[in-house]
1. Hey, got the average number of other protein chain Cβ atoms within 10 angstrom for residues in A:112-118?
2. With +1 on the Cβ of every Lys and Arg and -1 on the Cβ of every Asp and Glu, and nothing else charged, how large is the dipole of the stretch B:25-239 about its Cα centre, in debye rounded to the nearest 20?
3. Can you tell me, using C-alpha contacts under 8 Å and at least 6 residues apart, the relative contact order of the stretch A:8-360 as a whole percent?
4. Determine, from the Cβ-Cβ distance of C:V16 and A:E138 and an R0 of 25 Å, the FRET efficiency 1/(1 + (r/R0)^6), rounded to the nearest 0.05.
5. Across the residues of C:29-35, average count of Cβ atoms on other protein chains within 10 Å?
6. Choose one of B:F220, B:P69, B:A59: the residue whose Cα lies farthest towards the positive end of the charge dipole of the stretch B:25-239 (beta-carbon charges +1 Lys, Arg; -1 Asp, Glu; about the Cα centre).
7. Can you find, among A:L237, A:T295, A:L252, the residue sitting farthest towards the positive end of the charge dipole of the stretch A:8-360, where Lys and Arg contribute +1 and Asp and Glu -1 at Cβ?
8. Can you return the lysines within cross-link range of A:K83? Criterion is Cα-Cα under 23 Å, with same-chain partners fewer than 8 residues away left out.
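Derivation of every value follows stated rules applied to the coordinates shown; laboratory data play no part. Computed from a predicted model, the values in this text were never measured in an experiment. Neighbour counts run over all protein chains shown; Cβ positions are idealised from the backbone, glycine included.
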Amino acid sequence: MENATLSQRQFLSIVIFTTISTAFYLLPGVLIADAKQYAWLVPIWTGFAGVGISLLWLYLASQYPKVDLFQISHQVLGRVAGKIVSIFLIYQMILICSWVINNLNDFMTITLLTHTTDWVFGACFLMIAVYSTIKGIEALARTTEFFVPLLILMIFLFFSIAVNVWDWSHFTPVSEIDWEGVFPKSSFMIAFPFMDAFTFIMIFPYVKEKPGLVYLKGSLIGALFLSAVTFLIIGTLGVSRASHIAYPLYTLSQELELSPFLEHIEGGISIFWLIFVFIKLMFTFYCAVTGIAQTFNIQHRGLISVPLAIVILGFSQSMHQNIIENIEWMKKYILQQESLVSVVIPALLIVVHFISRRRRT
Amino acid sequence: MTPFLRTALPILFLSLMLQGCGDYREISDLAIVDMVGVDMDADGNYLAYFQVANPNGIASTKGGGSRSPIFTYEFKGKSWAEFTSKATQTVPRELFLSHFQAYIVSKRLAAKGLGDLLNFLESDPSRRMATAVFITKDSVRDIMNTYVPLETNIGKNLRNIQQLQVDFTGKEVGESKINTLLENFESSRLTFVSNIMLSSEKPITTTKRYESIDGNRGNFTYTGVSIIKKGQFLGELKAKQVAPLYFMLGKSKTLYQHIQLSSDEFADLQMLSKPKMKRRFILIDGEPTLQLTIKPKIKLLNIHQNKRLDSQTLRRLEKMFDEEMTDQVTEVLNLAKKEKWDLLGIEERISHTTGRGWTELKKNPDSWMRTKVTLDIKSSIVKTGVLVTTYEGG
Amino acid sequence: MLPFVLSLFITIVLFVYFVNKQRPKKELILYSVMSLLGIVQFLLLIIDKPIQLPAIMAELIDRLM
């Protein structure tokens, strides 16, 4: 365990950024295609559902204060079973990292740099992630904190320019809510991004006070933000356009016009998204490395982080053939897949926890 | 050592180096050739055209003046070596040939054979052989005597057109060069040389050209490739046949393909990089068989379809791309079989094989024609465009 | 090809570095196993038969459901 403390504000910003991250660019188009005008409802209800599910982990964390995810499973299940559970958790983290890089590659090669070899983006991001992991959680938290004012300013600016082309008629005709689209079809959003939250338990012990409460706050802010972005896209681009294009937010930023000499600002806007992506990658990567270090009793994080970065880069190359398959896979399987680490494992741990406590008393 | 020797020896030594001054070249005494055209007239006389850059003219076109940036000289002679001496009778400067950009050969000269021209070019040490070469059906005189918009030196213009074919259409792979012709001169390998033609009927021979807005007129157009074997013109392929040709050779960097999904649905695909390629050359029941496996990675550029794009459509598109490419390649191969062009270099493959069964085939120079070619194309769509579904309406 | 060569190079350089630093044998073994996994994946990518984690997961979920 590191010797570090995070302030509540640092933790809050990590939670918000990690939640928004890839979902911010990838999901609005998908949601709008399914749920039409009511797509903005989806992040809210899935946010509540996702946070509700993560209460399982939060309960465990409250029972075992000042220890992290892997130590909890070790303490509850013992050495061998604890290690098996740890490996599942690590696997999930590696998968999330590969996903983030895969999405990043897709986005960059489809929109901004269409002729660049795609593994290069991932490699560059991972290089900095390795560095920050070696530097530790405090460096990571401070980096996040550093970006907060910048991002708030830019998001505010972006929203206020985008509102210029606002058109309420995009919300009309007020048709019946498409229940099918809002609920079952969009339920995958519970898993992505909200079920990735189990990684936050990793840094609970470092947070000064009330990490659980801060986490709840952060996740809900993230959900509201995603909802607001979806709302904004519906109001500016309209349902029809947004559901036809892969990255509506990118298209929106392409068409914003501050003044005739300041337009085409999608490059700038994309950079903020890249910061979000980077923070999620950096954080999840850090968690995976610490997890491996703890499971296999290794002191030096640098020794693990480089080969892990290579593994992640390799897997990220073969995640999906293209973005269409990515989205289809996500809609079909991600909920079941993430349930393993967000529902099955914590539920199992809680059951074992109760049994062992009863035995002791 | 006496003081005398101490000064004299270094001077003597240095004076040896002064001999190098014999090779000096004063730039204002040179006629820098930008493009060379060669032709042969009906009487068997060689015609050579040298397009010489005019530094003052280039400067003045930038400043908006209208002095000619280039001049074309025309010479006639019985042998290639003759031209250098002929040139001195007209051109007031020494011809400087090492930096020219493009070589234009007329179709009638190519049909007679390029052997002696290639030999002559190779014997001159100052010439760069990695220079782009073009064959034209039009008169070389017209090609050499026209101005093109945007580029003041026409050789550069042609080279850029060639490079754009490499980068954007896959109708060229950057091998239409004099050194490729030389390398393949003694083997049975075929060389594919770019064909160009003038896009208007008449060349535009004055700098008035720069004052007209019409960009298309008096330009060059890429029209396909000529097939050259041992310096001899065999035939030509049209631009749309060239893409499948380079595709089956595994050389093209990119390629565009239009796919008709149904009567009102279609898609456009683009190959992203050089495809992975596997070639197996084996004997099946005593008959030589060339098995080609090509695995291109493609991008969906645009699709017009009435439903949301899903992976099933992508699978279907991949399959249709494979079929379409197989059809196109087979068509080119059938044409080649009819015309007896060995596009895939099978004759050379046979000569490089070892083992029983091949000896009989090696003896017969026409045995390559018996070779069966099987094609297996497995494409995968790895990128899509920004538009996921098309807009419907109207 | 390039990522394969690069990752192989980095792995070897770091391995030598850690050996010189006299890291415990267990750590070096873990390091080698993990690097090997990554390098094998790059090798499989070159021959177009990579390990596809999502495809494996999908297969598993389909079997279980």
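1. Average neighbour count from other chains, rounded to a whole number: 2.
2. Values: 26 positive and 24 negative charges, 51 e Å.
So the dipole magnitude of the stretch B:25-239 works out to roughly 240 debye.
3. Details: 450 pairs, mean separation 145.3, N = 353.
That works out to 41 percent.
4. The pair C:V16/A:E138 has a calculated efficiency of 0.25.
5. Details: counts 1, 9, 6, 1, 1, 10, 5.
If you average over the peptide's residues, the count of other-chain Cβ atoms is 5.
6. B:F220
7. A:T295
8. A:K66, C:K25, C:K26
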